[in-house]
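The values are calculated or read from the model by the stated rules, or taken from the named source; none is laboratory data. Owing to the predicted nature of the structure, the values given are computational and were not obtained by experimental measurement. As a convention, Cβ positions derive from the backbone with ideal geometry for all residues, glycine included, and neighbour counts pool all protein chains shown. All accessible areas refer to the heavy atoms of the entire protein, side chains included, with ligands and DNA or RNA removed. Shrake-Rupley method; radii C 1.70, N 1.55, O 1.52, S 1.80 Å.
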Amino acid sequence: KLSILPSFARFWLLPRLVKFQKARPDILLEINSTTRLANIDKGEADISVRFGRIPNEDLVYEKLMDDEWFPVANRTYLDSLNVSTLADVIGTATLIEHKRQPWTPWLDLHGFATPDKSHRLTFTDTALMIDAAMCCEGIALVRGSLVRDLISNGSLVRLSPTSLPSESAYWIISSKSNLQKTHLRAVFDWLHGLTQNHEDNAEQDASYGNHLTFDEILSQKYGA
């Protein structure tokens, strides 16, 4: 039984699940996507994945990966703005944000003034926030781990190389007794290995440019 954050389950775990099922058909997974903390000691979950600070639980936990925040948008939405600079995009677009991570720290890091708050759309659900960006509702400040695949396949465009390091990280949590069971240890190790592959591939994308950047789109559109 896996207790997984809905956004992590949808954008990160699900695309990689089929490969695991083919490799280990003997392991039956029950996936509960929820933001509620599962009580592992009481059997509500065997393994849990959460995004936050170092857990204060008397359990086994390992860091899966750090993360970063940066802005993304649907290319069609960017074209509809009819602007030629990132500053113009920021000043014109609807800024989509999560309630726990407002735009202001990223704007300050990039040196942009904070636009009028009337151009904001705030969510408490990360997956809905990303969906809103894909549906051309605005530009969203998102966690990089959740949108890497969407950037690679062209569903979203990363607007800037500037990122805001996250104060939180992904953690995988279980218990000592659970990890003594061979099938649970296999799932635990599989999740841990996938995040290592994610970070390695992310570095390759940054080095070799596996997708169009916002500057490249501007160059195509305006000949800049």
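Residues whose amide H falls under 5 Å from that of Val142, counting only those 5 or more places apart or on a different chain, are Phe70, Val72, with hydrogens built in the peptide plane. Legend: residues Tyr77, Tyr61, sorted from most to least accessible area (1.4 Å probe; ligands, DNA and RNA excluded), read Tyr61, Tyr77.
Calculate for the chain the 222 nm mean residue ellipticity that helices alone would give, adding -39,500 (n - 2.57) per DSSP H run of length 4 or more and normalising by residue count, nearest 500 deg cm²/dmol.
-11500 deg cm²/dmol, from helical runs alone.
Think of the chain as having a plus end and a minus end, set by charges on the Cβ of Lys, Arg, Asp and Glu; of Ala38, Gly154, Met129, Ala38 sits farthest toward the positive end of this dipole.
With N as its number of residues, the chain has a Cα radius of gyration that, divided by 2.2 N^0.38 Å, comes to 1.11. In this simple spin-label approximation, Ser84 and Arg53 carry label points 7 Å from Cα along the Cα→Cβ vector, and these lie 4.7 nm apart. A cut-off of 5 Å between modelled amide H atoms, ignoring neighbours fewer than 5 places along the same chain, links Leu64 with Tyr170, Trp171, Ile172.
The peptide list 150-163, 171-184, put in order of mean Cβ contacts within 10 Å with the highest first, becomes 150-163, 171-184. Counting Lys and Arg as +1 and Asp and Glu as -1 over every other residue whose Cβ lies under 11 Å from the Cβ of Ala132, the net charge comes to -4. Each 5 Å bin from zero holds the following percent of Cα-Cα pairs in region 93-149: 4, 20, 30, 26, 15, 4, 0.
Per-peptide packing, taken as the mean over residues of other Cβ atoms within 10 Å, places 99-109, 26-36 in the sequence 99-109, 26-36 from highest down. Calculate the tail of P(r) for region 43-94: the fraction of all Cα-Cα distances greater than 18 Å, expressed in %. That tail contains 56 percent of the Cα-Cα pairs. Among residues other than Trp190 with Cβ under 11 Å from its Cβ, the summed charge is +3 (Lys and Arg +1, Asp and Glu -1).
With 0.36 nm allotted per residue and the present C-alpha distance subtracted, the Asp125-Glu167 stretch has 13.3 nm of extension available. Separation of region 104-130 from region 36-53 is 30 Å, based on Cα centroids. For region 1-131, lysine pairs separated by 8 or more sequence positions, or belonging to different chains, with Cα-Cα distances below 20 Å total 5. Multiplying the residue separation of Ala113 and Thr92 by 0.36 nm and removing their Cα-Cα distance gives an extension gain of 6.3 nm.
Multiplying the residue separation of Thr76 and Asp26 by 0.36 nm and subtracting their alpha-carbon distance yields 13.6 nm.
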